[in-house]
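Here's the structure, in structure tokens; my notes come after.
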Amino acid sequence: MAYRDLVRNWHKGILAVEEGDWALALKIFQSIERPTSKIAFNIGCIHLLKGDLAEALEAFDQTVSKDKCLAVGFYQRGYVCLLLERYEEALNNCQLALTHLRNNSFIDYKQLGLKFVLCAWEVLYNTAAVYCQLGKWQDAERTLEEAVGWTPKGQSIRLTPALEQVQDHLFLEPRSLPRGEFFRPRKEDVEELEAKDFLGQPKVISSAFEEDNASTFQSLQSQEIHRGIPLPPEKVPPSRPPNQSKMESPGLMERNVGMNGAGPKADLQGKDSSIDRRILYQMTARYCYFAQGQEDLNFKEGDILEILAEVNEEWLEGRCRGNVGIFPKCFAVRENTAATVPPAPSPGALASPSGD
């Protein structure tokens, strides 16, 4: 089993443990192929909580066979053997646990994922409990006196009542791992199970300036194209007219003149309401169009566009809400085919002022 899958199932088993569902936790742990010594240890602890001593002993057998230096594994196995009245095995496991402490007063298993500190005096205490069961009271008393020497300063008073019990030939209650303590996977390994999005989600930031919004739309539009997401054919702007400053559109010429400082003034938004232009016909915007240049016309879907000139077969010049500019013809549909023509002059108006 891959380590990632091991961690995933290991974490699921711990979650079941935290919910008190021992059966589910046991099922998850046992489903792991080639379990590690820590997983086998957890299986043994669950069997022990359920009172299945034989199964617990088998699990702790696997624990110490996979890690022959795991002192806490021998400690737990010795405890189970004592409950099963297999006293010689219990005594041997206590001695092995003490050996793997390597003359240390304790081993803190926190870094290995187990919130438990195995102390030398606890191992000696269980050893004395085994001696009591074997009727070796002097050995039990000697072992407890040795345990007193391994207790931290100020804690030796805990063993005084136990020593008095042994002197009165009363059996000792063996110690075990606290209920609910299990080996857990590293927090870092669990966090790695979650998929990480290093790039983050795309965000569209609206600006108070219309030009900024237009450039944002263009960049997003180009991103869609580069990512392989095609736009609808009718929304892809055609090629721009080659030389817009020399086009025969009078409105654009007037705007260019105005922007250069000669003639009617036209701002960057393309407003030329001061110019009386002939409206050829009207169209309705099918889509929103955002300007790609200063000469372009911005409009929204559904806006009414007044067509002032036909730049070429693909581009038109129009007016929307007082703004004038060019736009792709495919972004709008013609609703009224009848051209808007100025009223014909009256016969009187056609007559010569002199009456000739």
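Every number here is computed from the coordinates shown, using simple stated rules; none is lab data. Bear in mind the structure is a predicted one, so any value in this text is a computation, not a measurement. Note: ideal-geometry Cβ built from the backbone for every residue, glycine included; neighbour counts use all protein chains shown.
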Just the Cα atoms of the range 61-130, one point each, no solvent: what log10 I(q)/I(0) does Debye give at q = 0.11, 0.20, 0.27 Å⁻¹?
-0.23, -0.75, -1.26
Where does the charge balance sit around Tyr109 when Lys and Arg score +1, Asp and Glu -1, over other residues with C-beta under 11 Å from its C-beta?
+2
Full extension from Ile279 to Leu53: what is 0.36 nm times the residue separation minus their Cα-Cα distance, to one decimal in nm?
71.8 nm
Per-residue HN-Hα couplings for the range 82-99, Karplus 6.51 cos²θ - 1.76 cosθ + 1.60 at θ = phi - 60°, whole Hz, x for Gly and Pro?
5, 5, 7, 6, 9, 5, 5, 5, 4, 5, 5, 5, 5, 5, 5, 4, 5, 4
Students often get this wrong, so check it: of Lys66/Lys136; Lys50/Lys115; Lys12/Lys187, which have C-alpha atoms separated by over 23 Å?
Lys66/Lys136
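Sort Arg8, Arg321 by Cβ crowding within 10 Å, fewest neighbours at the top. Walk me through the numbers on the way to the answer.
Values: Arg8 18, Arg321 14.
Exposure proxy ranking, most exposed first: Arg321, Arg8.
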Between Lys153 and Arg334, what length comes free when the chain is fully extended (0.36 nm per residue of separation minus the Cα-Cα distance, one decimal in nm)?
55.6 nm
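Test of understanding: ordering Leu6, Leu112 by Cβ neighbours within 10 Å, fewest first, what list do you get?
The fewest-first ordering by Cβ neighbours comes to Leu112, Leu6.
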In nanometres, what is the gap between the two model label sites at Cys69 and Lys115, each 7 Å from Cα along Cα-to-Cβ?
2.7
Please arrange Tyr3, Tyr79, Tyr287 by counting, for each residue, the other beta carbons lying within 10 Å of its beta carbon, fewest first.
Tyr3, Tyr287, Tyr79
For the pair Phe171 and Glu314, the simple spin-label estimate (label points 7 Å beyond Cα toward Cβ) gives in nm 9.6
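Given the C-alpha atoms of the range 3-191, compute the convex hull and give its volume per residue in Å³.
Numbers: hull volume 22.4 nm³, N = 189.
Considering the Cα atoms of the range 3-191, their hull volume per residue is 119 Å³.
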